[in-house]
Amino acid sequence: MDEYECQSCTPPYKVKVDGHEQPVAGNPYFDTITISVIHDRSIAKTAKKKPLMGRSFTAKFDGTQAPYQGSDECDGVSLKLIDERTVEESDLKNGKVVKISRWSLSPDGQTMHARFDDTRGHIQEQDGHKVQ
C-alpha cells in the first residue's frame, strides 16, 4: 500500500504510507498523520494537531494492551490480526473497550472496508478504493 485515501472523511484526504509525517488540511482532529509498517505483525500510527500533542501508539498484533498516547478518549490499545487481510483495533479507557475499529482488505487488494463501533450503539462503515 503506497497511499491511503479517505473519500468519506470530512474533509477527504490522501496520504502516503511511508513512515513520514504527511500534512492533512482542514481536519478538525489532526494536521498531520504518519502511517508506518514496523514489521509484518506491528504498525505505528501517529496523528498530530499542532500545537497540541499528537496521538500515537506502537502495538503488536497479538491482542495485548499497549499504551495509547495523546488522547483524552483512550489510554490503551489492543491490535489483533484476524486473518491475512483483516486487522482489528480496540481502543481502551481505564481497561474498558470504548471503540472497536476493523479494517479488511478485499481479496484482489483493491478495496479496504473499515468498520468503526463506538460500543454505545453507533457504527460507521466505509469503503476505500485503491487509486491508480
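Sort 104-114, 72-82 by packing, meaning the average of other beta carbons within 10 Å per residue, with the highest value first. If you can, show how the numbers build up before the last one.
Details: 104-114: 13.2, 72-82: 17.1.
The peptides rank, most packed first, as 72-82, 104-114.
If you count, for each residue, the other Cβ atoms within 10 Å and average over each peptide, how do 10-22, 115-127 line up from highest to lowest? The partial results should precede the final answer.
Numbers: 10-22: 13.7, 115-127: 11.8.
Going by the mean number of other Cβ atoms within 10 Å, highest first, we get 10-22, 115-127.
What net charge do the residues around S104 carry, taking every other residue with its C-beta under 13 Å from that of S104, with Lys and Arg at +1 and Asp and Glu at -1? Could you put the intermediate results ahead of the total?
On the way: positive: K80, R85, R102, R115; negative: D83, E84, E88, E89, D108, E125, D127.
Net of charged neighbours comes to -3.
How many lysine pairs are close in the chain, with Cα atoms under 13 Å apart and the two 8 or more places apart or on different chains? Show your work: numbers first, answer last.
Values: K14/K130; K16/K45; K16/K130; K45/K60; K60/K80.
So the count of such lysine pairs works out to 5.
Given that just one value was derived from the coordinates, which of (1) 0.96; (2) 1.33; (3) 0.93 is Rg/Rh (Cα atoms, Kirkwood Rh)?
The calculated read-out lines up with (3).
Extension gain R85-V17, at 0.36 nm per residue separation less the Cα-Cα distance, in nm?
Values: separation 68, 0.36 × 68 = 24.48 nm, distance 1.69 nm.
Answer, rounded to one decimal: 22.8 nm.
Local charge sum around K130 (other residues, Cβ-Cβ under 12 Å, Lys/Arg +1, Asp/Glu -1)? Mind dumping the intermediate values first?
Numbers: positive: K14; negative: D2, E3, E5, D108, D127.
Combined, the nearby Lys, Arg, Asp and Glu give -4.
Laboratory data are not the source of any read-out in this text; all were calculated from the coordinates shown. Since the model is a prediction, treat every value here as computed from it, not as a measurement. For neighbour counting, all protein chains shown are included, and Cβ atoms are generated from backbone atoms with ideal geometry for every residue, glycine included.
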